[in-house]
Amino acid sequence: MHMERWLWGAVGLLALAVVGLFSYRYLQSQDELPMVSAELSSCDLQQGPCSAVIQGVGAVTLTIAPRPIPLVEPLELKVETAVAGVREVDVDFSGVDMNMGYNRFRLKAADAGRHEGAGMLPVCVRNRMTWEAKVMLATDSVMYVVPFRFDTVARR
């Protein structure tokens, strides 16, 4: 009985080590990709979908619903792109002039060139906040980053 518990404990530790190693290698590979950033789009996501072009690569369109974009409520995120070889798409929200913590959401492939998912903006102490939504497109060789900005106004 004692030997059986020890064996199961060893198997559990080995499984944790394997999962940890794969997770570490996965995250490390994400950080090692060279980044190519697009110009900041002048489009306002509060008005509707916004598009930007990665020079020589292709267009990227981000749609956030509902509008006006609320704080602390579920958001529908959609990215459409003509960029070839995209294997992962994330949308990362950050405050332009205030650290708002980690707010990155992985989208799932819906069809060719279209990824969808859910996200949420955190609560903010300011009445008006300027956000940057970075669409992050990972290929096997490069990470494309496409920034968009918008303002939110707290509902009180």
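Taking region 138-156 on its own, how many of its residues are within 19 Å of LEU75 (Cβ to Cβ) and either aliphatic (A, V, I, L, M) or buried (at least 16 other Cβ atoms within 10 Å of the Cβ) (or both)? Can you show your working first?
Quick first cut of region 138-156, residues within 19 Å of LEU75 (Cβ to Cβ) only: 146-155.
Checking the rest, the ones that are also either aliphatic (A, V, I, L, M) or buried (at least 16 other Cβ atoms within 10 Å of the Cβ) (or both) come to 146-150, 152-154.
Of the residues in region 138-156, 8 are within 19 Å of LEU75 (Cβ to Cβ) and either aliphatic (A, V, I, L, M) or buried (at least 16 other Cβ atoms within 10 Å of the Cβ) (or both).
In the set MET143, MET129, MET120, which member is touching an Asp or Glu at 6+ places or on another chain (Cβ under 8 Å), modelled with pLDDT of 95 or more and hydrophobic (A, V, I, L, M, F, W, C)? Let's see the steps before the verdict.
Numbers: MET143 fails: touching an Asp or Glu at 6+ places or on another chain (Cβ under 8 Å); MET129 fails: modelled with pLDDT of 95 or more.
Sole residue among the options that is touching an Asp or Glu at 6+ places or on another chain (Cβ under 8 Å), modelled with pLDDT of 95 or more and hydrophobic (A, V, I, L, M, F, W, C): MET120.
In the list ALA65, ALA82, ALA52, which residue meets the criterion of being out of contact with any Gly (no Cβ under 9 Å at 6 or more places or on another chain) and without any contact (Cβ under 8 Å) to a residue 40 or more places away in the chain? Walk me through how you get there before you give the answer.
On the way: ALA82 fails: out of contact with any Gly (no Cβ under 9 Å at 6 or more places or on another chain); ALA52 fails: without any contact (Cβ under 8 Å) to a residue 40 or more places away in the chain.
Exactly one residue qualifies, and that residue is ALA65.
Out of ALA118, ALA133, I need the residue that is of a type in the set (A, V, I, L, M), farther than 17 Å from GLN47 by Cα and under 12 Å from the mean Cα position of the chain (by Cα). Which one?
Values: ALA133 fails: farther than 17 Å from GLN47 by Cα.
Going through ALA118, ALA133 in turn, the sole match is ALA118.
Consider LEU107 carefully, then state whether it is under 19 Å from SER141 (Cα atoms), surrounded by 15 or more Cβ atoms within 10 Å (Cβ to Cβ) and touching a strand residue (DSSP E or B) at 6+ places or on another chain (Cβ under 8 Å). Full working, then the answer.
On the way: under 19 Å from SER141 (Cα atoms): no; surrounded by 15 or more Cβ atoms within 10 Å (Cβ to Cβ): yes; touching a strand residue (DSSP E or B) at 6+ places or on another chain (Cβ under 8 Å): yes.
No.
Taking region 72-86, which residues are at pLDDT below 95 and surrounded by 17 or more Cβ atoms within 10 Å (Cβ to Cβ)?
VAL83
The values are calculated or read from the model by the stated rules, or taken from the named source; none is laboratory data. From a predicted model like this one, the values you see are computed outputs, not experimental measurements. In this analysis, Cβ positions are derived from the backbone assuming ideal geometry, glycine residues included, and neighbour counts consider all displayed protein chains.
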